[in-house]
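Let me begin by presenting the structure, written as C-alpha cells, before commenting on it.
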C-alpha cells in the first residue's frame, strides 16, 4: 500500500535547503525508495513550505529513513528550519487520476 509523508516547515535559508536536497539526491541514487517528491512553497507566506513524499509502502519509507544519508539530511534539515518541522505519515487508502 502506498505511503505518503507530508512535511511542513518554515525556513529563511531556501538556497541552503535546496543544496541539501540536491546533495541527498546525488548520494542516494540507486538506494532511496522515494517514488515521488513534490516540493511546494506557500504563496502567502514565502518562508512556509510543504513537501509531499511518496513511497511504495510504509516499509519502503522506513528503509529510506534508515539510510545514513537520510539520517544526515534530517539532522541538517532541522538546523535550517526556523522551527520544528511537522511530519504527517499517511497510508493511501484510495487514489484516482
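For segment 1-21, what are the residues that are assigned to a helix (DSSP H, G or I) and over 16 Å from residue 74 (Cβ atoms)? Can you show your working first?
Step one: filter segment 1-21 for residues assigned to a helix (DSSP H, G or I), giving 14-21.
14, 15, 18 - these are the residues of segment 1-21 that are assigned to a helix (DSSP H, G or I) and over 16 Å from residue 74 (Cβ atoms).
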Inset, instruction - Consider residue 45 carefully, then state whether it is part of a loop (DSSP other than H, G, I, E, B) and at pLDDT 95 or above. - result: yes
Inset, instruction - Could you tell me whether segment 53-73 includes any residue that is more than 17 Å from residue 5 (Cβ to Cβ) and either modelled with pLDDT under 95 or touching a strand residue (DSSP E or B) at 6+ places or on another chain (Cβ under 7 Å) (or both)? - result: no
Legend entry - Those residues of segment 1-10 which are surrounded by 16 or more Cβ atoms within 10 Å (Cβ to Cβ) and more than 13 Å from residue 86 (Cβ to Cβ), in sequence order: 2, 3, 4
Inset, instruction - Kindly indicate whether residue 40 is within 28 Å of residue 1 (Cα to Cα), outside any loop (DSSP other than H, G, I, E, B), out of contact with any helix residue (DSSP H, G or I) (no Cβ under 6 Å at 6 or more places or on another chain) and free of Cβ contacts under 8 Å to residues at least 40 places away in the same chain. - result: yes
Legend entry - segment 65-93, subset in a helix (DSSP H, G or I) and within 11 Å of the chain's Cα centre (by Cα), residue nearest to residue 17 (Cα to Cα): 77
Inset, instruction - With the checklist (1) closer than 12 Å to residue 9 by Cα; (2) surrounded by 13 or more Cβ atoms within 10 Å (Cβ to Cβ) in hand, flag the one item residue 23 doesn't pass. - result: (1)
Inset, instruction - Enumerate the pairs (first residue in segment 44-67 and free of Cβ contacts under 8 Å to residues at least 40 places away in the same chain and at negative phi; second residue anywhere and assigned to a helix (DSSP H, G or I) and surrounded by 16 or more Cβ atoms within 10 Å (Cβ to Cβ)) with beta-carbon separation below 9 Å, excluding pairs fewer than 6 apart on the same chain, so at least 6 apart or on different chains. - result: 64/70; 67/73
Legend entry - residue 30 being loosely packed, with under 13 Cβ neighbours inside 10 Å, outside any strand (DSSP E or B) and modelled with pLDDT of 95 or more: yes
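The values are calculated or read from the model by the stated rules, or taken from the named source; none is laboratory data. Small disclaimer: the values here were computed from a predicted structure and weren't measured. Methodologically, a virtual Cβ is constructed for each residue, glycine included, from the backbone with ideal geometry; neighbour enumeration extends over all protein chains shown.
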